[in-house]
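S.K.: Can you keep this structure in mind? I'll have questions shortly.
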Amino acid sequence: MSAPNKSYDPVEVEALKPEEIERMRDEALAAFAAADSLDALQEAKVAHTGGTSPLALANREIGALPPHAKAEAGKRVGQARGAVNKGLATRQAELEAERDQRVLVEESVDVTLPYDRVPAGARHPLTTLSERIEDIFVAMGYEVAEGPQVEAEWFNFDALNIGPDHPARGEADTFFVQTAANGGSAAGDGGTESGVVLRTHTSPVQIRSLLDRELPVYVICPGRVYRTDELDATHTPVFHQVELLAVDEGLTMADLKGTLDHMVQSLFGEGMKTRLRPNFFPFTEPSAEMDMVCYVCRGESVGNPDRPCRTCSSEGWIELGGCGMVNPRVLTACGVDPEKYSGFAFGFGIERMLMFRHNVEDMRDMVEGDVRFTRPFGMEI
Ligand code: DAH
């Protein structure tokens, strides 16, 4: 080991010269003063007080000095570092105060400003779909007709040629309304004697329209209907239908078919088609079940296991509802001469259409009133 270098003069160590230390201190203080943000100050702090800052490096040189020179150099560097730290703390406090002041101004809340007390909601998609259907027919000259939801049995059944023994008239499907006239509070009879029901379909509006209006009659009748179903994924005791009725001279099944095709093309796009399958309804003769081409696979999933379609279960067609030529007995019940006039009608469920048009898998979503269901349909008017 070599002995300490007695002749070593600290003044000769460049980094420890008093004027060098002063310069380092002043540079540091100038850099802090020039920092105009806390981020800039942080950079200056690292540069002037960090482990590789000039003063830190100078501090390291002290260890190599002869003992008699260490104290003085240590004091000089220590004072400079003290001044630098103090300058830093002062500037830090100034900039923090400036920031706090700015935040107070920029982020202040004017509690006197008016605010939205009621958040904007969204219309229910059943309403918008129903109105969209109405619009298609209004554009063709149809009128929108409405009828009561609490309906006389005569309108709901008899006038529609649904005889007294028809199974749909039973308590199993129909809500009967107890009225004061039939003993109101009399418990246990189910109220089936009242002659008043919650309408089970929109078809009674056909009767009301024919009785109320001059011929020819072209009406579209949207509305709420009731059946004694339990609420589950595909049933609800309260649902919506749209009914259409056209009564004029010379109407045929071809007019019905053309009207249906126009409706599905307006709702689902160009090229959509319908097909009719024979069926029975008491109020139409002949009657048919109406299907539309599956708007998702357009029939291409049929017999094509590589392209299964969930919307139509690979059948190519989706069942829409019922239709037919108005039964002459219905026309007669409404005082319309079936020799002179003929008519067509159809009716279908809006919930079902909403389900397949928008891939809604559970009908309960439509009745629970949760805005998270309605909101994605937007504010369509
Ligand atoms: N009212 C029928 C129902 O609720 C649907 C219906 C079928 C309406 C045939 C019609 C029609 O107008 O012609 O099941």
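The values are calculated or read from the model by the stated rules, or taken from the named source; none is laboratory data. Source: prediction; values computed, not measured. Positions of Cβ are backbone-derived with ideal geometry, glycine not excepted, and every protein chain shown enters the neighbour counts.
S.K.: Give the residues of the stretch 159-175 that are buried (at least 17 other Cβ atoms within 10 Å of the Cβ) and not aliphatic (A, V, I, L, M), sorted by residue number.
M.R.: Start the filter on the stretch 159-175 by keeping residues that are buried (at least 17 other Cβ atoms within 10 Å of the Cβ), which leaves 159-162, 169, 174-175.
Across the stretch 159-175, the qualifying residues are Asn161, Arg169, Thr174, Phe175.
S.K.: Condition first: more than 12 Å from the ligand (Cβ to nearest atom), surrounded by fewer than 21 Cβ atoms within 10 Å (Cβ to Cβ) and part of a strand (DSSP E or B). Now tell me which residues in the stretch 238-290 satisfy that.
M.R.: Within the stretch 238-290, Val238, Asp248, Arg275, Arg277, Pro278 meet the criteria.
S.K.: While we're here: Which one of the conditions (1) more than 29 Å from Met355 (Cβ to Cβ); (2) surrounded by fewer than 14 Cβ atoms within 10 Å (Cβ to Cβ); (3) modelled with pLDDT under 95 does Leu231 fail to meet, given that it meets all the rest?
M.R.: All conditions pass for Leu231, except number (1).
S.K.: Gly78 is checked against (1) outside any helix (DSSP H, G or I); (2) closer than 24 Å to Val13 by Cα and fails just one. What number does that condition carry?
M.R.: Against the list (1) outside any helix (DSSP H, G or I); (2) closer than 24 Å to Val13 by Cα, Gly78 comes up short only on (1).
S.K.: While we're on this one: Among (1) buried (at least 17 other Cβ atoms within 10 Å of the Cβ); (2) modelled with pLDDT under 95; (3) in a helix (DSSP H, G or I), which single condition is Arg372 missing?
M.R.: (1)
S.K.: Take the residues in the stretch 167-185 that are modelled with pLDDT of 75 or more and either of a type in the set (Lys, Arg) or not in a loop (DSSP other than H, G, I, E, B) (or both), then tell me which one is nearest to the ligand (Cβ to nearest atom).
M.R.: Ala168
S.K.: Shifting gears a bit: How many residues, within the stretch 1-29, are acidic (Asp, Glu) and either modelled with pLDDT under 85 or not assigned by TED's automatic domain parsing to the domain that holds Val46 (or both)?
M.R.: 3
S.K.: Condition first: more than 11 Å from the ligand (Cβ to nearest atom) and not in a strand (DSSP E or B). Now tell me which residues in the stretch 210-227 satisfy that.
M.R.: Passing the criteria: Leu210, Leu211, Asp212, Arg213, Glu214, Leu215, Pro216.
S.K.: Since Gly349 meets every condition but one in (1) within 11 Å of the ligand (Cβ to nearest atom); (2) out of contact with any strand residue (DSSP E or B) (no Cβ under 6 Å at 6 or more places or on another chain), which condition does it not meet?
M.R.: (2)
S.K.: OK, next. Which residues, taken from the stretch 303-340, are part of a loop (DSSP other than H, G, I, E, B) and either within 16 Å of the ligand (Cβ to nearest atom) or of a type in the set (S, T, N, Q) (or both)? Give the steps one after another, and end with the answer.
M.R.: Kept after step one, since they are part of a loop (DSSP other than H, G, I, E, B), are these residues of the stretch 303-340: 303-316, 327, 334-340.
Listed by number, the residues that qualify are Asn304, Thr311, Ser313, Ser314, Asn327, Cys334, Val336, Pro338.
S.K.: Answer yes if at least one residue in the stretch 292-313 is free of Cβ contacts under 8 Å to residues at least 40 places away in the same chain and within 25 Å of Val144 (Cα to Cα), and no otherwise.
M.R.: yes
S.K.: Failed condition for Gly188, given (1) surrounded by fewer than 19 Cβ atoms within 10 Å (Cβ to Cβ); (2) at pLDDT 95 or above, with all others met?
M.R.: (2)
S.K.: Within the stretch 194-209, which residues are near the ligand (Cβ under 10 Å from one of its atoms) and not small (Gly, Ala, Ser)?
M.R.: At the first step, the residues of the stretch 194-209 found to be near the ligand (Cβ under 10 Å from one of its atoms) are 199-206.
The answer is Arg199, Thr200, His201, Thr202, Pro204, Val205, Gln206.
S.K.: Scan the stretch 107-130 residue by residue and report those that are among the charged types (D, E, K, R) and touching a residue at least 24 places away in the same chain (Cβ under 8 Å). Steps first, please.
M.R.: Let us first name the residues in the stretch 107-130 that are among the charged types (D, E, K, R), namely 107, 110, 116-117, 123.
Of everything in the stretch 107-130, just one residue is among the charged types (D, E, K, R) and touching a residue at least 24 places away in the same chain (Cβ under 8 Å), namely Arg123.
S.K.: Of everything in the stretch 19-54 that's part of a helix (DSSP H, G or I) and among the β-branched types (Val, Ile, Thr), which residue is farthest from Glu72 (Cα to Cα)?
M.R.: Going through the qualifying residues, I end up with Val46.
S.K.: Quick one: Gln101 ticks every box in (1) away from the ligand (no atom under 15 Å from the Cβ); (2) assigned to a helix (DSSP H, G or I); (3) within 22 Å of Ala345 (Cβ to Cβ) bar one, so which box is it?
M.R.: Result: Gln101 fails condition (3) only.
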